[in-house]
Amino acid sequence: MPETEEARGKILEYKECKNITYEQLGLMVNKTPVYVQEVLTGKKAGPRANELILKIIQMFGIR
């Protein structure tokens, strides 16, 4: 999903910088690690995936 590509990239960059695993991120947002990974890599898309992306951005204050 091209309109979320930049946001997903920023989340992945932040995740890498802070050494956050998909398991940890999944616990923080109450989703499975596999689902979080699929959303952040673009394999899952749609309104629910977009909500998760926004939630992660807001949670960490990513700009």
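The values are calculated or read from the model by the stated rules, or taken from the named source; none is laboratory data. Because the structure is predicted, anything quoted here is derived from the model rather than measured. Counting neighbours? That spans all protein chains shown, and the Cβs are built from the backbone with ideal geometry, glycine included. We work out accessible area using only protein heavy atoms, side chains counted, and drop any ligands, DNA or RNA first. Shrake-Rupley method; radii C 1.70, N 1.55, O 1.52, S 1.80 Å.
Note down the nm distance, to one decimal, between modelled labels 7 Å out along Cα→Cβ at Glu51 and at Thr21.
2.8
Go ahead and set up a Gaussian network model of the chain, Cα springs under 10 Å, then flag whichever of Ile11, Ile53, Ile20 fluctuates most.
Ile20
Per-residue ellipticity at 222 nm for the chain, helices alone: DSSP H runs ≥ 4 residues times -39500 (n - 2.57), over residue total, nearest 500 deg cm²/dmol?
Estimated from H runs of four or more residues: -22500 deg cm²/dmol.
With all protein chains present, how much of the accessible area of the chain (probe radius 1.4 Å) comes from carbon and sulfur, to the nearest whole percent?
Carbon and sulfur atoms account for 51 percent of the accessible area of the chain.
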